[in-house]
Amino acid sequence: MKAELGRKSRRAMNEINVVPYIDVMLVLLIIFMVTAPMITPSVIDLPSMANTNPPKQMRPIEVTVRQVGNLVVKDMKTNKSTEVALSDLAAEVKKLQGDEPDRPVVISAEKAIQYQSVVDAMDALQSAQIQKVGLLVKPKSK
């Protein structure tokens, strides 16, 4: 009995001492707080031009795909609309683009239209090497 009382039992320690980690973190925080005001933000020196003209805003050409299969091409500059067939779509758009081959073309469609009709119109425009073709959508009302 006497031998058992004087003996210390050894157990594994299952706790982590986090005090040294907190000390290191606080020292790093103080270092960053002291050095941050000393750093000056870099200034980018951009080149300048004598005559700066803003880029001209191009009004797009709108192609509307109707439910009955008709295509309506509308020039947004003049607000003139023309009804065309799918085979004549690319020629009409090229004619409206004229000397501005990078003028954008947007395609809009009625809500109940089949998606294949929209894809056919996009395919006809892209096979005619018209570069900027996009889809026109209506924003949701809140």
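The values are calculated or read from the model by the stated rules, or taken from the named source; none is laboratory data. What you are looking at is a predicted structure, and each value in this text was computed from that prediction instead of being measured. Cβ atoms come from the backbone with ideal geometry, glycine included; neighbour counts cover every protein chain shown.
For this structure, a couple of remarks:
- The residue of the range 61-93 that is surrounded by the most Cβ atoms within 10 Å (Cβ to Cβ), among those that are among the aliphatic types (A, V, I, L, M) and assigned to a loop (DSSP other than H, G, I, E, B), is Met76.
- Positions within the range 84-101 being at pLDDT below 85 and among the small types (Gly, Ala, Ser), in sequence order: Gly98
- Residue check for Thr82: of a type in the set (Ser, Thr, Tyr) and touching a helix residue (DSSP H, G or I) at 6+ places or on another chain (Cβ under 7 Å): yes
- Among the residues of the range 109-142, those identified as out of contact with any helix residue (DSSP H, G or I) (no Cβ under 9 Å at 6 or more places or on another chain), within 14 Å of Glu62 (Cα to Cα) and outside any helix (DSSP H, G or I) are Glu110, Lys132, Gly134, Leu136, Val137, Lys138.
- Any hit, the range 19-35, residues being loosely packed, with under 10 Cβ neighbours inside 10 Å, over 30 Å from Glu100 (Cβ atoms) and modelled with pLDDT under 80: no
- All told, Glu4 falls short of being loosely packed, with under 10 Cβ neighbours inside 10 Å, in a loop (DSSP other than H, G, I, E, B) and either out of contact with any Pro (no Cβ under 6 Å at 6 or more places or on another chain) or modelled with pLDDT under 85 (or both).
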